[in-house]
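Below you'll find the structure, written out as structure tokens, and then a few comments.
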Amino acid sequence: MGGPWALLATLWALGAAEAAAALRIGAFNIQSFGDSKASDPACGPVIAQILTGYDIALVQEVRDPDLSAVSALMEQINSVSKHEYSFVSSEPLGRDQYKEMYLYVYRKETVSVVDTYQYPDPEDSFSREPFVVKFSVPGSGEAGPAPSPPRLSLGPDAPVPSVAAKELVLIPLHAAPHQAVAEIDALYDVYLDVIDKWGSDDMLFLGDFNADCNYVRPQDWAAIRLRSSEVFKWLIPDSADTTVGNSDCAYDRIVVCGARLRRCLKPQSAAVHDFQAEFGLDQTQALAISDHFPVEVTFKSH
């Protein structure tokens, strides 16, 4: 792959030393990701390049029950990265015929999957109940993935990291738009369930929460325990725009809890990844990939 692709790869490689000891985690709602998008030469390579910028990436809106599109995506990712990536995914989730999967793509040299479980959702609170994954972060000193070009940094400075988070739990949510307030609030019940199951509170909640505009209004936040409790730190602010195109909504979010994990936050690293600007795409080209930008955060891994 030549031209701008080769230049982009070179820029990433030049920053590899700077990325050492960093753990970059992203969440990307790739609108209706399936075989057609994975095989589209205008979409597949861009998606692969975006995901290789992360040690762990949560992908949402995966509509691929036979994993054929995921397999094609992994081939593309591993063809453009010198590091090996793997994945773990949920079963198709949904209350009716429309179903989606949660997909985690992760760099094997940096992290490993310790355990997974599907939240049982006893109150039927979620349209797509969280598929919870515990990752181990050895902190071996190996270089992380080369950084992407500069992105808009969001949120206040986080504490300077002092210790490594050896394990962390990722909890995804793609909320149904008109149930967003109730579903985001119900993540508090998932938080309690994870503590009861695994005895850890080092958690990262992430995904397309639909947490803005018509779906979560300013007066709704008081009813959301994940927001009102000081246990949780919201890393993507309400002022962010995580949408491609003419809308301006902070739908996609990352929320962290756990004293150890919060100490490992890299200052000013929470960001919206504007892949449209990064790859020089026009609006039509960007929307062919997704109507959402990824959101991301970086932690000190050791």
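What follows draws every value from the coordinates through simple rules; no lab data is involved. It should be emphasised that the depicted structure is a prediction, and the values quoted were computed from it without experimental measurement. Here Cβ is always computed from backbone atoms with ideal geometry, including for glycine, and neighbour counts include all displayed protein chains.
Miscellaneous remarks
- Gain in span if fully extended, E91 to A182, counting 0.36 nm per residue against the direct Cα distance: 30.5 nm
- Here the Karplus curve 6.51 cos²θ - 1.76 cosθ + 1.60, taken at θ = phi - 60°, turns the phi angles of segment 67-80 into couplings of 6, 5, 5, 4, 4, 5, 4, 5, 4, 5, 4, 6, 7, 9 Hz, with x standing for Gly and Pro.
- Full extension of the segment from S71 to A42, taken as 0.36 nm per residue of separation minus the current Cα-Cα distance, would add 8.7 nm.
- Within a straight-line Cα-Cα reach of under 13 Å, K197 can be paired with the following aspartates and glutamates, leaving aside sequence neighbours fewer than 8 residues apart in one chain: D115, D189.
- Calculated from backbone phi, Karplus (6.51, -1.76, 1.60) coupling profile of segment 228-236 in Hz, x at Gly/Pro: 7, 7, 6, 5, 10, 10, 7, 9, 9
- Cα gyration tensor shape for segment 196-288, rounded if a/c is under 1.5, else prolate or oblate: oblate
- Three-way shape call for segment 56-123 based on the alpha-carbon gyration tensor, with the a/c threshold at 1.5: oblate
- Note on K266: lysines with a C-alpha under 20 Å away, same-chain residues under 8 apart excluded, are K166, K233, K300.
- Between Q31 and D291, H292, the built amide H atoms are under 5 Å apart, and every one of these is 5 or more places off in sequence or on another chain.
- Per-peptide average of other Cβ atoms within 10 Å, ordering 201-214, 278-291, 248-261 highest first: 201-214, 248-261, 278-291
- Between R217 and S239, residue separation times 0.36 nm minus the direct Cα-Cα distance comes to 6.7 nm.
- Amide H contacts of L93 (H built 1.01 Å from N, under 5 Å, at least 5 apart or other chain): E100, M101
- Burial order of peptide ranges 41-49, 22-30 (average beta-carbon count within 10 Å, highest first): 22-30, 41-49
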